[in-house]
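Let me begin by presenting the structure, written as structure tokens, before commenting on it.
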Amino acid sequence: MQKIIKILLAAFLTGCITQFIPETEEERELLVVEGLITDQPGINTVKLSKSIPFGKRSEAKPVSGCIVSIIENRPGYYITDSTTFRGRAGITYTLHITDDNGIYSLNYESYPVEMTPVPPIDSIYYEKLVIKEDYLNYGGIDECQIYLDTYDPQNLCRYYRWDFDETWVLRLLWPVEKIKCWVSDTSKTVIIKSTAAFDEARITRQPVTYISNISDRLLRKYSISVNQYSISEDEYIYWEKVKNITNNAGGLYDIIPASVPSNIFSVENQSEKVLGYFSVSAKTSKRVFIKDDFRGIINQYPDCPTDTVYGEVEIWGLDVSVWVLADYPPGSRGFGSPRMRILTDKRACADCTTRGTTIKPAYWIGD
């Protein structure tokens, strides 16, 4: 049986409407909606999927198929046209979803959400934490806590959410071709704060992320870009509940708890459960770089060499199951010395692209 879902983003006061029609033959399950509208240029994404049984860690099933008015950039993900749609502070938005399987139609809708303006991030800074001092032959250990400060002099934004993207330089220990890469990751926890109980909307020393010495992020050069979102009181309560459940259970969207109320509902059946949240947020971002001497960072690549080959012999499984860490030509280690190659069966020791990319990010400053 063919199922047709129509989704449109209606912006009150603007009359802006965008729609798409995904198709699926899956049997109907709980609808999961993850949507975010911001005031920044670029695309806005709404993800549609189907719920998975409680306790399963596999990804939810995407609801796929769409028409031209909104592009589906991968199954279940739908994006607005960046040339015709951009959120604006002070405008109220509602998400409408129509589920039509050819026999009957079901309608879903979000509660109207107004976009509140968000102030800029004043500063992002770090503090080096000395976990262990140098003692005799034992080296010291340093770790790092990153904070931010922000302030809204107009007192309009009272509820905040943050996420971040981080990038750092990885340089392998052996003279291989792909020795230097940039590795990136995104935040995995819920970071929120309310100033509703304070006289002014000022936030100082808000923890963003903690970096321990068991990560190689701080070994050479590290950059973090923090996104700051304005959110409503209802959304703040939503994220607070999600935080209490999922911060110790993996990524934000590994599990969407059915016990956390959504702002999306079925028009025909008010008792039907819908998961996820339709977020409407003004957004601002700030990036900083950290290059410092942090002691005690653990070597991520111990015991890389596994064998040494002398002479011009063929290496079976080369660049498939065996990789060359170093290649010394004849005579390089002394007169008459044969060619010597140091091998490993760990690709990550010889190829930094197993974790990152050799392409320098456009925002990266310096080496």
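Going through (1) surrounded by fewer than 17 Cβ atoms within 10 Å (Cβ to Cβ); (2) in a strand (DSSP E or B); (3) of a type in the set (A, V, I, L, M, F, W, C) one by one, Phe278 falls short only on (1). For the stretch 144-175, a tally of residues being farther than 24 Å from Lys193 by Cα and either polar (S, T, N, Q) or open to solvent by 20 Å² or more (accessible area, probe 1.4 Å) (or both) returns 5. Pairing each residue of the stretch 293-312 that is within 30 Å of Tyr126 (Cα to Cα) with any residue that is basic (Lys, Arg), provided the two are 6+ apart or on different chains, yields C-beta distances under 8 Å for Phe294/Lys128; Gly296/Lys132; Tyr301/Lys346.
For the stretch 178-198, the candidate set comprises residues that are of a type in the set (Lys, Arg) and under 23 Å from the mean Cα position of the chain (by Cα); within that set, the residue that is most open to solvent (accessible area, probe 1.4 Å) is Lys188.
Evaluating Pro175 against the criteria (1) under 19 Å from the mean Cα position of the chain (by Cα); (2) farther than 18 Å from Gln145 by Cβ leaves one unmet condition, (1). Applying the condition of being open to solvent by less than 70 Å² (accessible area, probe 1.4 Å) and under 28 Å from the mean Cα position of the chain (by Cα) to the stretch 291-305 and asking which residue is farthest from Gly139 (Cα to Cα) yields Tyr301. Taking the criterion of being among the charged types (D, E, K, R) and within 21 Å of Cys157 (Cβ to Cβ), the residues of the stretch 272-302 that qualify are Lys283, Lys286, Arg287.
Put simply, of Leu129, Leu48, Leu106, Leu95 the only residue that is aliphatic (A, V, I, L, M), at pLDDT 80 or above and within 20 Å of Lys273 (Cβ to Cβ) is Leu95.
Among the residues here, Ala201 does not qualify as surrounded by fewer than 20 Cβ atoms within 10 Å (Cβ to Cβ), of a type in the set (Gly, Ala, Ser) and out of contact with any Gly (no Cβ under 6 Å at 6 or more places or on another chain).
Within the option set Thr357, Thr284, Thr308, Thr353, being of a type in the set (S, T, N, Q), buried (at least 17 other Cβ atoms within 10 Å of the Cβ) and at pLDDT 90 or above holds for one residue only, Thr284.
When you check Tyr210 against the structure, is it open to solvent by 60 Å² or more (accessible area, probe 1.4 Å) and either within 16 Å of Pro120 (Cβ to Cβ) or in a loop (DSSP other than H, G, I, E, B) (or both), yes or no? Judged against the criteria, Tyr210 is not a match. Taking the criterion of being under 30 Å from Gly139 (Cβ atoms) and not small (Gly, Ala, Ser), would at least one residue in the stretch 278-288 satisfy it? Within the stretch 278-288, one or more residues are under 30 Å from Gly139 (Cβ atoms) and not small (Gly, Ala, Ser). Within this structure, Arg347 passes the test of being in contact with a helix residue (DSSP H, G or I) (Cβ under 8 Å, 6 or more places away or on another chain) and surrounded by 11 or more Cβ atoms within 10 Å (Cβ to Cβ).
The values are calculated or read from the model by the stated rules, or taken from the named source; none is laboratory data. None of these values were measured; they are calculated from a predicted model. Every residue, glycine as well, gets a Cβ built from its backbone with ideal geometry; the counts of neighbours run over all protein chains shown. Surface accessibility is based on the protein's heavy atoms, side chains included, excluding ligands, DNA and RNA. Shrake-Rupley method; radii C 1.70, N 1.55, O 1.52, S 1.80 Å.
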